[in-house]
Amino acid sequence: MPEMEILNLGADAHERGLVHGRHFAKKVAENVEIYLRRFELAGSDRPASLLAA
């Protein structure tokens, strides 16, 4: 299992959100794609899966 990444985000809540979002956007998108493929293999179509999310 890979180590958990730790980001130093600073005190400003808005800036923390921006840094976090930019840093992890690709990983989040990849994870969503994995789940959508799993749902498709189980018989759910992509639009229905996204709507249910």
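Odds and ends about this structure:
- The dipole here belongs to the chain: it is taken about the Cα centre, uses +1 on the Cβ of Lys and Arg and -1 on the Cβ of Asp and Glu, and is about 120 debye.
- With Cα atoms as the point set, the chain shows a radius of gyration and Dmax of 15.2, 45 Å.
- Sum of side-chain charges, LEU51 neighbourhood, beta-carbon under 15 Å (Lys, Arg +1; Asp, Glu -1): -1
- Computed from backbone phi with θ = phi - 60° and the Karplus coefficients 6.51, -1.76 and 1.60, the 3J(HN,Hα) list for segment 7-23 is 9, 8, 9, x, 8, 6, 4, 4, 5, 4, x, 5, 4, 4, x, 5, 5 Hz; x is used for glycine and proline.
Throughout, read-outs are computed from the coordinates displayed, never taken from laboratory work. Quick caveat, the model's predicted, so the values are computed rather than measured. Virtual Cβ from ideal backbone geometry, glycine too; neighbours counted across all protein chains shown.
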